[in-house]
Every structure is written in C-alpha cells, then in structure tokens.
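A.B. asks: Got a structure for you, questions after.
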Ligand SMILES: Cc1cc2nc3c(=O)[nH]c(=O)nc-3n(C[C@H](O)[C@H](O)[C@H](O)COP(=O)(O)OP(=O)(O)OC[C@H]3O[C@@H](n4cnc5c(N)ncnc54)[C@H](O)[C@@H]3O)c2cc1C
C-alpha cells in the first residue's frame, strides 16, 4: 500500500532525508552502481542514524511496503533497491571510529571500503575487505568479504566482532558471539536476510605500505602462467596475495599505449609483511615465469592499492557477472578459461580467481554461514562495458563462459557474485548451512520482511 496520506509520518520521525518521486534528487538517489539495473522505489529514506532506520522499518512494515536496504549499492543484480517500495538508504551513515589500542574499528553500515581504509590508514591498520574502494561494506561484509588480506587474516566476517541490527519488528539488538549468537552466525555470510545492520565492529590488523600491483603477460603465455600459479599459490607465504585475471589492457593511461587493447593474463599482487622480505616473496613470480609485458608492482600505501581500479570502474557501467567456488584447476579448465577469455566482448570484461585459502581455511564451515571454506578460489566472470547497447553481448558471453567452466567448480558461488539465479543456486551456495539459515530466518524475520536479497525463504 502506498498511500500518500501516511508519508508525512515518516518524514516527521526522521533526522535524515525522505526522498519521493517528486524530489529534485530522486533520479540521482535511486541510481545503482550497475547501470544495467533501473529501479524506481516509491520512497527513499536516507537515514541519518539507527533511530531513522527503526522508523523506516516500522513504517515499511506497518504500510505493507516492499523494503530494500542499500549500503554501497554495488550489488550485481541491484538488490540494494526495489521497484515501488521503500528503500532504506544507509549511505549517509558513514562514520568510522578506530580504537588503535585495541585494534578495533566501529564503522557505520553506509561506509564504503574507502571510508574504512581512509580512517584506519593513519593508525597503520586495515580491516580485511575487497579490492575496489567504492564497494559498500554493508553488502560486502554480510556476504563474506574477500580481498588482498584474506589469506593472511581471513574474510571480512572472520574479523567481525559484533553488529548492531534493527530487526523486522523494529527492535534493536547487538549480535556477537555472546549475544544473539545464532543471528551473529547467520549475519556472517547470510546477507541482508535478518535485519538492517546499522554498524559493524571489526578487528583490524597492521597494514601500512604494501608491495603491490599488477603483472601482465600476453594471453599467449596464459596457459604457462596459470598452470604455474595453481601450484605456486598454496605454498606461497600468507603475507602474499596474488589473484589471477584474464582481461584486456584498458586503452587508457597509465597503461603504456603499445599494449592497449592486448588480451592478457594478470596476477594482481599484494605483499603485506616485512619490507625487506617483499622482494624475496615476489621472486618466484619474477624468475620462474616468462617476462611480463608490464610489471607494476611497487611500494604503495594500502589505500592506494585499494583504489587502484576505481578510475576504470566508475558507477553506471553495464555489469553482468556469474561466479563459482573452485577447488582445483585441471588443465581442461585452464584451456576452457583461455578460450572464452579470448572472446571477451569488451575491454573491461574479465575473469578473476580470488584466493580462498590460508586464514580462510582455518575457520570451520559451520562456524559461520559462509560454507565454502575448502575452496581454493572464488571465481567471477564479469561482462562490463559503458555502452548499454552492449548489454546482451556481455550477458551472453558471461553465461556461455560460465556454463563451460561450471563443471570444474564446487557447485555454489560466492553470494556477492550472483545475479538473480533462483533458489537452487542460493541453496548450493550455503550447502549444509542452508537449513540452519532457514531457522535463523524463522526466528528473526518470520514474515520475510527483508526479502530483497539472495533470499533465505522462511
Ligand atoms: C567493482 C566491484 C568490486 C567488488 N569487489 C569485491 C571484492 O573484492 N570482494 C568481495 O567480497 N566482493 C566484491 N564485490 C562484490 C560486493 O561484495 C557486492 O556487490 C556487495 O553486494 C556490495 O555491497 P554494497 O553494500 O555495496 O551493495 P548494496 O547493493 O547496497 O547491497 C547488497 C545487498 O546487501 C544488503 N545490505 C547492504 N547493506 C546492508 C545492511 N547494512 N543491512 C542489511 N542488509 C544490507 C542489501 O539489501 C542487498 O541485498 C565487488 C563488487 C563490485 C561491483
């Protein structure tokens, strides 16, 4: 029900802004990161604090509105918004407080990764998260969160100490190992199914200047590089993250013009350890492989690494992606990857394999909702391009590529690398943990008020 008559009630109870379809800022406020998704909420409640979130949840429930929750708005299928309902927009809630003595960080849930990195860096700290600074920590954390520090310090959820949550009935709880422990278990991987998180408290780790950046090889060397990488990674020091990409060199600065547009195999590296050991950790990559066509590895502040890809990936591009967890990379899988990567429909389209090992493996698969602790990589195939006319080609390429490599995968995908793929895919993603997630959902959101997500159906 979307009665205009009830609208002032929410406006009166909020410190933040209420944006309706007549508002000057409506079209900007409803925009999602993925330009392929266009949604028109009836109302956007841009909350200023947890009290606003409580008002918005109560208002949505009492008026029987579809409720969506937006953190950074980076979700692939656009689950950070809805058509015709109430969008609870957390983006104005972006305060961060670092406690350097305890090495903990309290971050409001509308923060981007960049907000958190910026606040932590002066203290020589970082919270493990993803690889693009504009991604919201809300969706990233609730889905798991993997990135450059995962091998060394685990997923983002492995560093979550507690979360403040507004539940479907409008009540406010703090979930941790000792309070609402089942909710805390579900929040760590189960997405936005159980309530609206208003803030997270994380463990942070010493991270300052890292030895990091990309190495590119021509696609002709990809078979040799990938075969070498699959054997190298498991025994590499955990301080070294190297994720693998099959991509195209963007035709733009700072890449040398002579390699613009070349199809490549890339290793994007980050060494976070003693500076005098960085070169040694990188040495096998530099000495055991063909000479790369670009070696951009150098010392840089961690936030610089985290924002390295930001200029290439502004908001509003067309995105279609599909993922899978991968344990092994047999030669047949490698050849299939190279075959499809060679046919990428645009310069930005890519395949990435992110390491899921080291500290991620030291957490049991039933210790959080995140099931695939025994994977070696989280794979994403992403068709990306600025031109909406290319949308079908991106989608067809990503789907066709995925279908051919899926038989080499473990069955499920990282929930944050899924489109709208149906209930069976969601079940596959949570494996043995799915039934327990349903129980948590029944306890905390029995009417499925929060259903604009990869939904755990109660
Ligand atoms: C360019 C790019 C790079 C990425 N890199 C990585 C990476 O390196 N590592 C990685 O792990 N993932 C990565 N991702 C995937 C990313 O984790 C997901 O897209 C994630 O959904 C983004 O979260 P968000 O808050 O920006 O999204 P949103 O679209 O705002 O939200 C996503 C989902 O989470 C829910 N949600 C968000 N905040 C809350 C909250 N506070 N309370 C309750 N529910 C909430 C939303 O309702 C929605 O269902 C990347 C994505 C992009 C586009």
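A.B. asks: Based only on other Cβ atoms within 10 Å, what is the fewest-to-most ordering of 198, 298, 376?
C.D. replies: With the fewest neighbours first, 198, 298, 376 line up as 298, 376, 198.
A.B. asks: Taking only DSSP H segments of four or more residues, each worth -39500 (n - 2.57), what value at 222 nm results for the chain once the sum is divided by all its residues, to the nearest 500 deg cm²/dmol?
C.D. replies: Value at 222 nm, helices only, nearest 500: -7500 deg cm²/dmol.
A.B. asks: Let me ask another. Give the relative contact order (percent, whole number) for the range 209-417; include only Cα pairs under 8 Å separated by 6+ residues.
C.D. replies: 27 percent.
A.B. asks: Please arrange 97, 106 by counting, for each residue, the other beta carbons lying within 10 Å of its beta carbon, fewest first.
C.D. replies: 97, 106
A.B. asks: Would you work out if the range 164-241 is rounded, prolate or oblate? Take a ≥ b ≥ c from the square roots of the eigenvalues of the alpha-carbon gyration tensor; rounded if a/c is under 1.5, else prolate when a/b is larger than b/c, oblate otherwise.
C.D. replies: Verdict is prolate for the range 164-241.
A.B. asks: Students often get this wrong: which residues of the range 197-225 have the backbone nitrogen under 13 Å from the point 7 angstrom along Cα-to-C-beta of residue 299?
C.D. replies: 208-212
A.B. asks: Sticking with this one: Given a Förster radius of 35 Å and the C-beta distance between residue 49 and residue 231 as r, what FRET efficiency does 1/(1 + (r/R0)^6) yield to the nearest 0.05?
C.D. replies: Approximately 0.10, to the nearest 0.05.
A.B. asks: With everything on Cα atoms, drop me the angle between helix 222-232 and the longest principal axis of the chain, reported from 0 to 90° to the nearest 10.
C.D. replies: Taking the Cα atoms of the chain, the angle to 222-232 is about 80 degrees.
A.B. asks: Estimate the FRET efficiency between residue 367 and residue 258 by the formula 1/(1 + (r/R0)^6), using the beta-carbon distance for r and 51 Å for R0, to the nearest 0.05.
C.D. replies: 0.55
A.B. asks: How would you classify the range 209-417 from its alpha-carbon gyration tensor, with a ≥ b ≥ c the square roots of the eigenvalues: rounded for a/c under 1.5, else prolate if a/b is greater than b/c, otherwise oblate?
C.D. replies: Numbers: a/c = 1.43, a/b = 1.08, b/c = 1.32.
Because its axes are fairly even, with a/c under 1.5, the range 209-417 counts as rounded.
A.B. asks: How far apart, in nm, are the 7 Å Cα→Cβ label points at residue 182 and residue 455?
C.D. replies: Roughly 2.2 nm, to one decimal.
A.B. asks: Moving on to the next point. Find how much the distance from residue 391 to residue 173 grows on full extension, using 0.36 nm per residue of separation minus their present alpha carbon separation; answer in nm with one decimal.
C.D. replies: Contour length minus the Cα-Cα distance gives 74.3 nm.
A.B. asks: With everything on Cα atoms, drop me the angle between helix 50-62 and the longest principal axis of the chain, reported from 0 to 90° to the nearest 10.
C.D. replies: Its long axis makes an angle of about 70 degrees.
A.B. asks: For the peptides 411-417, 125-131, 23-29, what is the packing order when you average, over each peptide's residues, the other Cβ atoms within 10 Å and list the highest mean first? Working shown, then result.
C.D. replies: Details: 411-417: 22.3, 125-131: 25.4, 23-29: 12.4.
So the order, starting with the most tightly packed, is 125-131, 411-417, 23-29.
A.B. asks: To the nearest 0.05, how large is the calculated FRET efficiency for residue 12 and residue 287 if R₀ is 56 Å and r is the Cβ-Cβ distance?
C.D. replies: After rounding to 0.05, the efficiency reads 0.25.
A.B. asks: A follow-up question, please. Report the relative contact order of the range 390-458, percent, no decimals, based on alpha-carbon pairs under 8 angstrom and at least 6 residues apart.
C.D. replies: The value is 26 percent.
A.B. asks: Here is a further query. Give the separation of the Cα centroids, the range 58-136 to the range 217-284, in Å.
C.D. replies: After rounding, the separation between the Cα centres reads 30 Å.
A.B. asks: Please state the relative contact order of the chain as a whole percent: Cα pairs under 8 Å, 6+ residues apart?
C.D. replies: About 16 percent, as a whole number.
A.B. asks: Label residue 439 and residue 83 with points 7 Å out from Cα along Cα→Cβ: what is the distance between them in nm?
C.D. replies: Those two pseudo-labels are separated by 3.8 nm.
Each value in this text was obtained by applying a stated rule to the coordinates, not by laboratory testing. None of these values were measured; they are calculated from a predicted model. Note that each Cβ is placed from the backbone with ideal geometry, even for glycine, and that neighbours are counted across all protein chains shown.
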